[in-house]
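To start, the structure itself, in structure tokens.
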Amino acid sequence: MISVNDVHKSYTAGKETIKGVSFCVNNGTIFGLLGPNGAGKTTLMQMISTLLSPSEGSITIDGLSAKDNLLEIHRRIGYLTTEVRLDPMSTPDKLWDFFAELYDIPKEQSLQRKEELFGKLGIMPFKNKRISELSTGMKQKASIAISLIHNPPVIIFDEPTNGLDILTSKQVTDYLLELKKEGHSIILSTHIFQVAESLCDEIAILVDGKIAAQGTVEELTELANASNFEEAFFKIYVENHVEE
Ligand SMILES: Nc1ncnc2c1ncn2[C@@H]1O[C@H](COP(=O)(O)OP(=O)(O)O)[C@@H](O)[C@H]1O
Ligand SMILES: [Mg+2]
């Protein structure tokens with residue numbers, strides 16, 4: 001379980017990027033952070049994955065905080081960032097083996113898991129191709145597979161379907177649903193409301209570093225007195241966004 005408690009973040013003194021955010025994500029659920037560019041999604045996810053520390057507030061993963069046991073938290077989370085670039089000269093297969101060694105995964109187990117994940121995500125035919133020769137979708141799927149190499153119970157995916165074509169996007173979302181069924185706690189961020197709508201058990205609409213509204217698709221649609229989720233999202237955004 002992930003617990004975010006009244007978290008604030010300022011990159012520069014006097015200007016808060018995250019202005020007091022709290023939520024919980026239970027095992028076996030997908031929680032979506034939905035918001036336009038600049039809302040603070042990546043900042044929040046970097047704090048949850050311990051890459052950044054909050055200026056105020058606390059975050060725990062299965063009751064552990066980064067202060068208590070950083071290594072144990074890293075074992076428990078799989079983080080997919082929008083920033084990382086895979087080495088263009090390497091291949092999905094070589095990268096997998098490199099990270100398997102980094103995580104100390106026994107050889108036999110690593111091979112089995114590679115077959116499983118590369119198979120599920122359709123990477124097999126491309127596993128020995130250079131990263132530089134792969135499509136955006138295939139690179140993203142390789143990043144996803146590698147972020148899950150250690151079978152983490154907590155999954156933090158920043159814009160996992162960004163820039164993917166509809167077929168690849170569906171492959172990724174179907175796999176996330178499978179992981180949810182297996183009991184993983186999943187947080188994903190997106191600026192695409194269809195992704196949030198089709199995947200998430202609960203959605204927080206993030207506007208200017210604050211949760212403007214939170215609930216299921218049905219709850220948010222009703223709350224905004226809208227006829228569908230798209231309309232609800234725009235209404236909630238307009239009501240909460242403040243031009244600086
Ligand atoms: N390292 C940083 N230093 C200063 N400002 C930053 C930094 N990273 C992000 N920001 C600012 O914080 C705000 C939120 O950014 P971000 O978390 O990337 O939002 P999102 O992922 O929702 O697009 C933006 O105004 C962005 O310019
Ligand atoms: Mg972002």
*Inspect all residues belonging to the range 152-165 and state whether any of them is over 19 Å from Thr82 (Cβ atoms), away from ligand 2 (no atom under 16 Å from the Cβ) and aliphatic (A, V, I, L, M).*
no
_Boolean, Asp6 is among the charged types (D, E, K, R) and either more than 30 Å from Glu230 (Cα to Cα) or part of a loop (DSSP other than H, G, I, E, B) (or both)_ = no
_For the range 96-113: of the residues being touching a helix residue (DSSP H, G or I) at 6+ places or on another chain (Cβ under 6 Å) and not hydroxyl-bearing (Ser, Thr, Tyr), which is surrounded by the fewest Cβ atoms within 10 Å (Cβ to Cβ)?_
Phe99
*Take the residues of the range 63-78 that are closer than 20 Å to Ile144 by Cβ, touching a Ser or Thr at 6+ places or on another chain (Cβ under 8 Å) and not β-branched (Val, Ile, Thr): which is surrounded by the fewest Cβ atoms within 10 Å (Cβ to Cβ)?*
His74
*Identify the residue in the range 19-36 that is more than 15 Å from the chain's Cα centre (by Cα) and within 16 Å of ligand 2 (Cβ to nearest atom) and, among all such residues, is modelled with the highest pLDDT.*
Val21
*Give the residue, chosen from Glu115, Glu72, Glu16, that is more than 21 Å from Glu182 (Cα to Cα) and over 18 Å from the mean Cα position of the chain (by Cα).*
Glu16
*Residue identified as loosely packed, with under 14 Cβ neighbours inside 10 Å and of a type in the set (Val, Ile, Thr) among Thr81, Thr12, Thr60, Thr91*: Thr12
*Tally the residues that are acidic (Asp, Glu) and buried (at least 20 other Cβ atoms within 10 Å of the Cβ), restricting the search to the range 147-196.*
2
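The values are calculated or read from the model by the stated rules, or taken from the named source; none is laboratory data. Source: prediction; values computed, not measured. Positions of Cβ are backbone-derived with ideal geometry, glycine not excepted, and every protein chain shown enters the neighbour counts.
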